[in-house]
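This report refers to the structure that appears directly beneath it.
The values are calculated or read from the model by the stated rules, or taken from the named source; none is laboratory data. Note that the structure is a prediction, hence the values are computed from the model and not measured. Positions of Cβ are backbone-derived with ideal geometry, glycine not excepted, and every protein chain shown enters the neighbour counts.
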């Protein structure tokens, strides 16, 4: 089937893409920008439809549309125009998977969310759990920052109590506690808690945690970006290499 050309912002298909970009959670979909993310969703079997400015970029077996460049600019978050964008189905997990997982305690920056998910996939953390005060994983900036890792990592909305009932011990990332290094080996199931960009891990969660660790730094700076710190902790505490 030939792609349908669309040039009006009043068109219902364009509005569907715009809604997926701005509020995909209600529909259970995410907005994908760029060839890499769209093709990853295609390979994962969750891609629903695409839009491109050239029919040559249409993909087989998918509903394809050709948008004017003006419409694609309305969807794009980058200076350069993407060749293709897409909509994919997306569902959250209902239970934790794996013995080592990450718990996001109020992360607000979608870029940090996506970066942490991407890093979790790299270091064999199969689940990224998150509190109800954490930014939505449906946010298109979180999807972009994850480089598609959201489609491969189990994302589980829950409370700390849910994880404790499932047998996980909490590891709080703090500015005090025990110095962490590559020699630390945790036994059993654990959840690495990464806190809000401004406030860190909540006092309540720190008080309930089984461990709290800090990263040694020089005195030129007092903290790290949440995504960067999470990546270092994940690397140091990782029990697996794949």
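A few remarks follow.
- When 131, 146 are checked against the criterion of being in contact with a helix residue (DSSP H, G or I) (Cβ under 9 Å, 6 or more places away or on another chain) and closer than 21 Å to residue 236 by Cα, 146 stands alone in meeting it.
- Filter result for the condition that a residue is in contact with a helix residue (DSSP H, G or I) (Cβ under 7 Å, 6 or more places away or on another chain) and more than 29 Å from residue 1 (Cα to Cα), over 113, 65: 113
- No other residue among 49, 15, 25 is more than 10 Å from residue 84 (Cα to Cα) and without any contact (Cβ under 8 Å) to a residue 12 or more places away in the chain apart from 15.
- Residue among 55, 77, 124 that is touching a strand residue (DSSP E or B) at 6+ places or on another chain (Cβ under 9 Å), touching a residue at least 40 places away in the same chain (Cβ under 8 Å) and over 30 Å from residue 196 (Cβ atoms): 55
- In segment 15-56, the residue that is nearest to residue 138 (Cα to Cα) out of those that are surrounded by fewer than 18 Cβ atoms within 10 Å (Cβ to Cβ) and over 21 Å from the mean Cα position of the chain (by Cα) is 16.
- Members of segment 1-35 that are at pLDDT 95 or above and out of contact with any helix residue (DSSP H, G or I) (no Cβ under 9 Å at 6 or more places or on another chain): 10, 12, 13, 15, 28
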